[in-house]
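> The following block contains the structure, expressed as structure tokens.
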Amino acid sequence: MKKYIHTFIILASSSLLISSCGAGGEDPGNEYAPNMYVSFAYEPMTQLADKPNTINPHGMNMRLGVKGTIARGQMDYASYDLPKTTEGYEAAASLKNPLEATPYNLAEGKRLYNINCTPCHGENGKADGTIVVDGKYPPPPSYDSDRIKTTPEGKMFYSIKYGKNLMGAYGTVLSPHQIWQVIHFVNTLKGAPVAAPAMAENATAQK
Amino acid sequence: MRIFRLSSLLSFLVLSVNLAFADVAEGEKLFNANCTSCHAINEKIVGPALKDVDKRHNEAWTIKWVKNSQAMVKSGDAEAVKVYNDNNQSVMTSFEALTDVQIKSILEYVKSGGPAPQTASVSGATNGSVSAAKSQDGFYSNTTFIALSVMALILFIIVFVLFKIKGTVEDLYNQKFPQEAIEEAKEKAANYKNSISYKLFKKHPVVGTIAVMLVFTVVLGLIGFDYANKEVGVQKGYMPTQPINYSHELHAGKYKINCQYCHSGADKSKQATVPSASTCMNCHAHVTAKEKYNGEISPEIKKIYAAVDWNPETRTYGTNQKPIKWIRIHNLPDHAYFNHAQHVKIGKVECQACHGPVETMKVVSQQRSLQMGWCINCHREAKVDVANNDYYEKLHGEMKKDGKPFVTVAQNGGLECGKCHY
């Protein structure tokens, strides 16, 4: 009887020891030879609690670029430097879409639109996105409204890059090239262009 | 042509109705189409709250303001300059296309007080998801563990009692039949001489010891191998508490916001990237979940505001900005290279293939082992969609020549050591 008790104790304690080392809940579990797991260099998206960055602000591995620097191959960031003011918005009206509405640009525009725009603007640009329909966010103007149809592409570019009214800025997520692709796709959601007689009627109604 | 005629007829009809009287329903439509991106009735958004606007300004002034506010400010209208300055000098879009009657309709709608607030649907959804999160704990919850331990203890006691009873009964038997007991003992001794344990441990102790050690080594080795394989360095099940109680179930599940809306690096860089707080602010500059917290801003959303130093009253950013210390869950060892863009943009792999059903998780946990065998398995089995992919145009052409029906990642060199380890 007594020898069995010893075996039991050994088995139970060893199984406890083993089962407590895996990951679960707050515990990421154990690692063998962590030197092989952890990068010696600072990795931008990895932040070790026991190895804070001694150089950067907040001990973060990531840091903002020096003001005015542009990543390689992204020179078009520099060509659209507009002031974030009403004047900048008005000045943007003269910008022209440098891209052709090729099938590729439209497809890419659609992909980016579905990622970034649909929560509010809806799949067809009718301001019926999921968070608008649920009443969490006020509806943006529908793309087939006359006001948006007559908005120049340059102003659309400004609104996407810098944000406008309640809409946030997407210049950090979309490159200028991508913004123009999105604009090509959005143009396909506007429907028929505003008819001239309708404009005339509006004008007479105002008087 | 027909459509055009119809639409002009319609607009004529609408106009004629509008000319007759200002209409609340029409005002609601116009309000939602033109005003909501800056104005709400009961709260300040970008522009001021519109409640009681008819008491603050006279109607003719308001109509003039809506049509072209800047002209009024420039002309030095004292009332206009005051409104302009009171609202951070943000310029209101000019709505010269709206008719007087249309603006009156909007004002009627504003007077009517707007839509009734809805909160009922939300509480139901949260309740459901809480129970879902609890069931994830399952086997490892505290109560089950305690119940199992108690049961084990009871079983041990029963075994112990049974052994005791057996011993007592044997003693009694021996006392009653001493002759038979002696014979039985003799028989036992004879049996013992023939048994394996006698031959191994008494006759050949060296062989016995080696055999036992061998068995021990093999068993312990197997346990250790299994443990090292499944547990060490494998973070499957890791579910840390994040600094902000952000729910993927709400954002990605209920509102169907695309993963890449926030993890915008996934299609263009090695990292999927944790979104910057400015991405949160795209919506949360307006969405404060006040209806859930008795008119207070949600404590979780307040944490974003604290990080970006945003003042929701004045709607301006300060300079004292701090990073949010999100905890990374999915880690690969440094000696394995993984690139998100390669898998998301070129391979068109669904995020869920490696991260599990994140859109159902209130708190994200690691669902896959992320071990090499798991990677390799997918590389062996997954067929690459070369036909609809510009990136593989050349490869697809060659495949057509060779008459291959499909290609797996492995056939395309996805098992080479140097692809991931360099």
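> Would you work out if segment B:138-230 is rounded, prolate or oblate? Take a ≥ b ≥ c from the square roots of the eigenvalues of the alpha-carbon gyration tensor; rounded if a/c is under 1.5, else prolate when a/b is larger than b/c, oblate otherwise.
oblate
> As an exercise, use a Förster radius of 51 Å and the Cβ-Cβ distance of residue B:250 and residue B:199 to find the FRET efficiency, rounded to the nearest 0.05.
Plugging the Cβ-Cβ distance into 1/(1 + (r/R0)^6) gives 0.15.
> Continuing with the same structure: Sort out the exposed loop GluC sites (Glu not before Pro) in chain B (DSSP loop, at most 13 other Cβ within 10 Å) and tell me the longest stretch that has none.
No qualifying site falls inside B:97-295, the longest such stretch.
> Would you work out the relative contact order for segment B:17-112, in percent, from Cα pairs under 8 angstrom that are 6 or more residues apart? Don't skip to the answer; put the middle values down first.
Working: 100 pairs, mean separation 43.6, N = 96.
Value for segment B:17-112: 45 percent.
> So what's the gap between the Cα centers of segment A:25-44 and segment A:82-109, to the nearest angstrom?
Their Cα centres are 44 Å away from one another.
> If you take every residue apart from residue B:84 with its C-beta less than 13 Å away from the C-beta of residue B:84, what net charge results, scoring Lys and Arg +1 and Asp and Glu -1?
Net local charge, residue B:84 excluded: -1.
> Follow-up. Run lengths n ≥ 4 of DSSP H only: what is the helix-derived mean residue ellipticity at 222 nm for the protein assembly as shown, with -39500 (n - 2.57) per run over all residues, to the nearest 500?
So the calculated ellipticity at 222 nm is -15000 deg cm²/dmol.
> Averaged over its residues, how many other protein chain Cβ atoms are within 10 Å of peptide B:378-385's Cβ atoms?
Other-chain Cβ atoms within 10 Å of each residue's Cβ, averaged: 0.
> A further question follows. Please arrange B:269, B:276 by how many other C-beta atoms lie within 10 Å of their C-beta, fewest to most.
Arranged by neighbour count, lowest to highest, B:269, B:276 become B:269, B:276.
> While we're on this one: If I build a Gaussian network model for chain B, linking alpha-carbon pairs within less than 10 angstrom, which residue out of B:82, B:164, B:74 has the largest mean-square fluctuation?
Comparing B:82, B:164, B:74 in the GNM, the peak value goes to B:164.
> Shifting gears a bit: Residue by residue through segment B:80-92, which ³J(HN,Hα) values in whole Hz follow from phi under the Karplus form 6.51 cos²θ - 1.76 cosθ + 1.60 (θ = phi - 60°), with glycine and proline marked x?
Working through the residues one at a time gives 5, 4, 5, 4, 4, 6, 5, 10, 6, 6, 7, 7, 7 Hz.
> At 7 Å along the Cα-to-beta-carbon direction for both residue B:345 and residue B:382, put a label point, then send me their distance in nm to one decimal.
1.6 nm
> Right, another one. Take the alpha carbon gyration tensor of the protein assembly as shown, find the square roots of its eigenvalues, order them as a ≥ b ≥ c, and report rounded if a/c is under 1.5; if not, report prolate when a/b exceeds b/c, else oblate. Working shown, then result.
Details: a/c = 2.96, a/b = 2.22, b/c = 1.33.
Prolate shape, in that a/c is at least 1.5 and a/b is the bigger ratio.
> Would you mind getting me the FRET efficiency between residue B:270 and residue B:191? Use the beta-carbon distance for r and R0 = 60 Å, nearest 0.05. The partial results should precede the final answer.
Values: r = 71 Å, r/R0 = 1.18.
So, using R0 = 60 Å, E works out to roughly 0.25.
> Skipping prolines and chain starts, which residues have an amide H placed within reach, meaning under 5 Å, of the one on residue B:408, given they are 5 or more residues away or on another chain?
Result for residue B:408 returns B:384.
> Report the local net charge at residue A:97: Lys and Arg +1, Asp and Glu -1, summed over other residues whose C-beta lies under 15 Å from its C-beta.
So the environment of residue A:97 carries a net charge of 0.
> Then there's this: So how tilted is helix B:372-381 from the main axis of chain B? Cα-based, degrees 0 to 90, rounded to 10.
With rounding to tens, the tilt is 70 degrees.
> Can you work out the Karplus-derived ³J(HN,Hα) for every residue in segment B:410-419? Use 6.51 cos²θ - 1.76 cosθ + 1.60 with θ = phi - 60°, whole Hz, and x for glycine or proline.
Rounded to whole hertz, the list is 4, 5, 8, x, x, 9, 4, 4, x, 5.
> Name the long-range amide H neighbours of residue B:310: under 5 Å, sequence gap of 5 or more, or other chain; modelled H, no Pro or chain starts.
Here the answer is B:318, since their amide H atoms fall under 5 Å of that of residue B:310.
> Still on this model: Evaluate the relative contact order of chain B (contact order divided by residue number), counting alpha-carbon pairs under 8 angstrom at least 6 apart; express in whole percent.
Relative CO of chain B lands at 13 percent.
> Enumerate the amide H contacts of residue B:361 below 5 Å, restricted to partners 5 or more residues apart or on another chain; note that Pro and chain-start residues carry no placed amide H.
B:249
> Still on this structure, please answer the following. For residue B:300, what charge total do you get from the other residues with a beta carbon under 13 Å from its beta carbon, if Lys and Arg give +1 and Asp and Glu give -1? Before the final figure, lay out the partial values.
Working: positive: B:290, B:292, B:302, B:303, B:362; negative: B:296.
So the surrounding residues net to +4.
> Using the Karplus curve 6.51 cos²θ - 1.76 cosθ + 1.60 with θ = phi - 60°, what ³J(HN,Hα) values do you get for each residue of segment B:309-322, in whole Hz, with x for Gly and Pro?
6, 9, 9, x, 6, 8, 6, 9, 8, x, 10, 8, 9, 10
> Assuming 0.36 nm per residue, please report the length gained on full extension of the stretch residue A:146 to residue A:76 beyond their Cα-Cα distance.
Using 0.36 nm per residue and subtracting the Cα-Cα distance, I get 22.1 nm.
> Using a basic spin-label model with each label point 7 Å from the Cα along Cα→Cβ, how many nm lie between residue B:182 and residue B:400?
10.1 nm
> Could you give the length gained on full extension between residue B:158 and residue B:214, defined as 0.36 nm per residue of separation minus the Cα-Cα distance, in nm?
16.8 nm
> With 24 Å as the limit, write out which pairs from B:236/B:322; B:64/B:290; B:254/B:290; A:149/B:290; A:84/A:136 have Cα-Cα distances beyond it, or answer none.
Details: B:236/B:322 30 Å; B:64/B:290 34 Å; B:254/B:290 19 Å; A:149/B:290 35 Å; A:84/A:136 27 Å.
Flagged as over cut-off: B:236/B:322; B:64/B:290; A:149/B:290; A:84/A:136.
> What does the C-alpha gyration tensor say about the overall shape of segment B:371-422? Classify as rounded when a/c is under 1.5, otherwise prolate if a/b is larger than b/c, or oblate.
Note, shape of segment B:371-422 comes out prolate.
> Next question. Within a 10 angstrom radius of the beta carbon, how do B:326, B:310 rank from fewest other beta carbons to most?
By the 10 Å Cβ count, ascending, the order reads B:326, B:310.
> Taking other Cβ within 10 Å of each residue's Cβ, how do B:421, B:251 sort, fewest first?
Ordered from fewest to most neighbouring Cβ atoms within 10 Å, B:421, B:251 come out as B:421, B:251.
> What residue among B:367, B:242, B:175 has the largest mean-square fluctuation in a Gaussian network model of chain B, using Cα springs under 10 Å?
With Cα springs under 10 Å in chain B, the top fluctuation among B:367, B:242, B:175 is at B:175.
> Report the gain in length on full extension from residue B:49 to residue B:411: 0.36 nm times residue separation, minus Cα-Cα distance, nm rounded to one decimal. Before the final figure, lay out the partial values.
Numbers: separation 362, 0.36 × 362 = 130.32 nm, distance 6.27 nm.
Length gained between residue B:49 and residue B:411: 124.0 nm.
> Here is a follow-up. In nm, to one decimal, how far is the modelled label at residue B:82 from the one at residue B:169, with both set 7 Å along Cα→Cβ?
Output for this residue pair reads 10.3 nm.
> Suppose R0 equals 30 Å; then what is the FRET efficiency for residue B:393 and residue B:330 from their Cβ-Cβ distance, rounded to the nearest 0.05?
Calculated value: 0.40.
All of the numbers you see were taken from the coordinates with simple rules; none came from a lab. Just so we're clear, the structure is a prediction, and the values are computed from it rather than from any experiment. Note: ideal-geometry Cβ built from the backbone for every residue, glycine included; neighbour counts use all protein chains shown.
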